[in-house]
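The values are calculated or read from the model by the stated rules, or taken from the named source; none is laboratory data. A quick note: this is a predicted structure, and the numbers were derived from the prediction, not measured. In this analysis, Cβ positions are derived from the backbone assuming ideal geometry, glycine residues included, and neighbour counts consider all displayed protein chains. Ligands, DNA and RNA are excluded from the accessible area calculation, which covers all protein heavy atoms including side chains. Shrake-Rupley method; radii C 1.70, N 1.55, O 1.52, S 1.80 Å.
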Amino acid sequence: MGTGLRTLHIYRYSRLVERRASKLIDPVERLRYLRQAMRAGAKVRVVDLGRAANCMIVLALLVLLPLSMGTDAGQARSLVQPAAGIELPPQEDIMPVVWQVESAKEAESYSNGLRIDNRYRVANQPRGYWAFERADLGRKRWRRDPAGIVFHTTESHLSPFEAEQNHKLKRVGQWLLEYVRQNRSYHFLIDRFGRVHRVVEESDAAHHAGHSVWADQDWAYLNLNASFLGVALETRTEPGATPGLTPAQTHATRMLTEMLRHKHRIAAVNCLTHAQVSVNPRNMRIGNHVDWAGGFPFAPAGLPDNYALPLPSLELFGFEYDSTFIRASGESLLQGMLAAEQRLGREALESGMTPASLRGQRRDRYQRALAEMADSAGQEKGS
Amino acid sequence: MSTEQTNHTGAVGLDIGTSRIVTARHGQQGYRYRSELNAFVSVPFSKLTEIALRKDNVPYAVRGEEILVHGNEAEKFADLLEVNTRRPMHLGILNPAEPDSLPRIRSLLELLLGEGSAGHELYYSTPAPLLGATDGHTYHEESVRRMLMELGFQPKSIHEGLAVVYAEMENSNYSGIGISCGGGLCNVCLAYLAVPVFSFSTAKAGDYIDASAAAASGELATRVRICKESNFHFNGRQQEKVHQALNIYYDETIRNLIGAMKEAFSTTRSLPRFNRPIPMVLSGGTALPRGFAARFEEILRSAEFPVPLSEVRLAADPLNTTAKGALLAALSES
């Protein structure tokens, strides 16, 4: 990782920590939070993907500490310690109310203005998946209802969004739809005109999430193709920028999200972006895919800022992250990563372990759960 | 509620300075401080003297043919007997030339702290290495740590300068420069979001001023010190020879300190990028004379300091700042 990038990471992390600290009124609480957050930042494990071997690169403030080792700053009890300021306030989850107004073979409409084009609908393998109890992934339950939504970018070719380009825009959109249909990639695709296309049936799995993990308050989900609905937005991530959406796409995202949440009773905390859930089990890094690692319009979509949710991949499944992911991440997602690290650190403290050993334990647990899923693939069992 | 209060009252901040030892605790009435002079004086033993000391609750110890009076009363006895006090510490650390240093400090700690109990967090101040030196003060730090453990505490050390930052820089999220101008050393710490970036000390401090002024004026260092702390100030013309000498050696000490800070900034790699000017806070007994902060700022401005400063000010309670900062460190751990 280059010096410039490291400096950028330090800067972003520090700004985030400082902003949070400023909200703490009690001087002891503020100091406690800062000391813990900066210790955590100093030891964040960053692996440069460009190198074959794991190399411990001290991300943030280790460069700032050399004269203080052996005294206060050098006496961290563990890698990460609990931070009073990092807990996220519970968010009110108001379930939208939407009903179907009309349904026909080619299209359907809903009370919030949503219209779904069914011309490209296609069946795939019926939905069915194991949900694991969050606490220890020990017990599991076979489920058929979608647990959440994963938002994707298509990363496809984009023509300028101008009237003169209309013909080209339509043609590119159609090619994309055909491709998505052929590969059963997503359940829904929202094109640049804000038109919502149903692709894979809601009752079936789609190949949208690959290796991925998520967890809500009670359940943990592994490999979300079946457990989560995939919604793709026709856009792409340009280097150094977040994907752009047309106003029509943003509006359609909100309407579709409202409808799906109401229909399947999906909690807001289970509406995520692909970058938040994507993992690579081979190297145990998160962010195998980084689409919507930043800039997803959660608020316009009628959702809370779910980027700030602690990432279960880091907290519960023993994954780590690398410089590529940090580079792609928006500030909110960095906040979610920090929150997850803090929680892991606290649990380690409470159980008298180092975060590294707890992380190792969580990895083993994840691998066991994966193996269980593979063993019982296709079976429909109760817990 | 009661648990939290118990924890808070259990935490202790301890400033072990060359001149004074100060403790800080937090209770329902806010911060509480106790201090004793880190000095003692030897008085020839007599039964009568011992009875008088005991009657007046003066802390003392009998050693052979002498009585060692330590703490705040030592200075009075020294002035009475026209002798210099003996100092368990020199230049911020245990005085290698004083064979009684450890027992005397232990006596003072027992007096100030009492017995600790398992689980009580205690942060004690230590001096940073002298600028340019690579070694810290391992012997001093470890000796004090063991002594505190024997008293039943769980001690951790904190550099004096960082303690000043913790005590005074809440409003800047604990970013800034904390300076403790003590008896043996001046300690400096640049911190960024509560993390020390660099800490160092300089050997010209209060004792240097006292000794130099005493040599120039022909007075005892102890008497110069009393004079300095009672009525010396920076404003106006100095009539007395002692005051003139103090003025000169204060200026030299300040210039030396500012020069050291400039050197530290120029030689430290990976300085953080401050997005706004940072505060500088002065504390310690040597910073007490009226006009010290203004004089310091005046010299600082003429020295073209390399970092933009939002303010240069005296700590709210200069004699207790380090202890308070150490206490905050302890509280933030508990």
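Where the centre of each part is set by its Cα atoms, how far does region A:171-230 sit from region B:101-178, in angstrom? So the separation of the two Cα centres works out to 59 Å. Suppose we keep just the DSSP beta bridges with both residues in the protein assembly as shown; what percent of those would be antiparallel, to 5? In the protein assembly as shown, approximately 65 percent of DSSP beta bridges are antiparallel ones. Of the residues making up region B:151-165, those losing 30 Å² or more of accessible area when the isolated chain is joined by the remaining protein chains, with a 1.4 Å probe, are B:Lys156, B:Ser157, B:His159.
Each residue, B:Gln239 and A:Ser156, gets one label point 7 Å from its Cα in the Cβ direction; the gap between the two is 9.4 nm. Placing pseudo-labels 7 Å out from each Cα toward the beta carbon at B:Leu111 and B:Arg32 gives an inter-label distance of 1.9 nm.
Under the convention that each Lys and Arg Cβ holds +1 and each Asp and Glu Cβ holds -1, the size of the dipole of region B:50-202 around its Cα centre is about 160 debye. What is the list of residues in region A:246-262 whose amide nitrogen lies under 19 Å from a point 7 angstrom out from the Cα of A:Gln100, following Cα to Cβ? What the label zone holds, given the 19 Å backbone N cut-off, is A:255-262. On the beta carbon distance between A:Ser109 and A:Asp26, with R0 = 41 Å, the FRET formula returns roughly 0.15.
In the protein assembly as shown, taking the dipole from charged Cβ atoms about the Cα centre, the farthest positive-side position among B:Ile258, B:Leu282, A:Ala252 is held by A:Ala252. Taking trypsin sites (Lys or Arg not before Pro) across region B:295-334, none is in a DSSP loop with at most 12 further Cβ atoms lying within 10 angstrom of its Cβ. Solvent exposure of region B:158-311, expressed per residue, is 38 Å² of accessible area, with all protein chains present and a 1.4 angstrom probe. Pairs exceeding 25 Å between alpha-carbon atoms, taken from B:Lys76/B:Lys156; B:Lys76/B:Lys324; B:Lys204/B:Lys228; A:Lys168/A:Lys263; B:Lys204/B:Lys262; A:Lys105/A:Lys170: B:Lys76/B:Lys156; B:Lys76/B:Lys324; A:Lys168/A:Lys263. Using Cβ point charges alone (K and R +1, D and E -1), the dipole size of the protein assembly as shown about the Cα centre works out to roughly 1500 debye.
So, R0 is 30 Å and r is the distance between the beta-carbons of B:Phe274 and B:Asp317; what FRET efficiency does that work out to, to 0.05? Efficiency for this residue pair is about 0.70.
Take each residue in B:169-182, count the other chain C-beta atoms within 10 Å of its C-beta, and the mean is 3.
Ranking A:Ile286, B:Ile248 by solvent-accessible area of protein heavy atoms (1.4 Å probe, all protein chains present), from largest to smallest, gives B:Ile248, A:Ile286. Quick check for you: which residues of region A:140-164 have the amide N under 13 Å from the point 7 Å beyond the Cα of A:Ala267 toward its beta carbon? Label zone hits: A:147-149. Summed over both chains, the contact between A and B buries some 2800 Å² of accessible surface at a probe radius of 1.4 Å. When both region A:121-166 and region A:318-336 are represented by their alpha-carbon centers, they are found 21 Å apart. Per residue of peptide A:33-39, the mean number of Cβ atoms on other chains within 10 Å of the residue Cβ is 5.
Which of the peptides B:258-268, A:13-23, A:325-335 is most tightly packed, and how do the rest follow, going by the mean number of other Cβ atoms within 10 Å of each residue?
Peptide ranking by packing, descending: A:325-335, A:13-23, B:258-268.
Per-residue accessible area (protein heavy atoms, 1.4 Å probe) orders A:Thr237, B:Thr321 as A:Thr237, B:Thr321, starting from the largest. If you take the beta carbon distance between A:Ser203 and A:Asp305 as r and set R0 to 25 Å, what does 1/(1 + (r/R0)^6) give as a FRET efficiency, to the nearest 0.05? Once the sixth-power term is evaluated, E becomes 0.25. The modelled label-to-label distance for the pair A:Ala163/B:Arg146, using points 7 Å beyond Cα in the direction of Cβ, is 8.8 nm.
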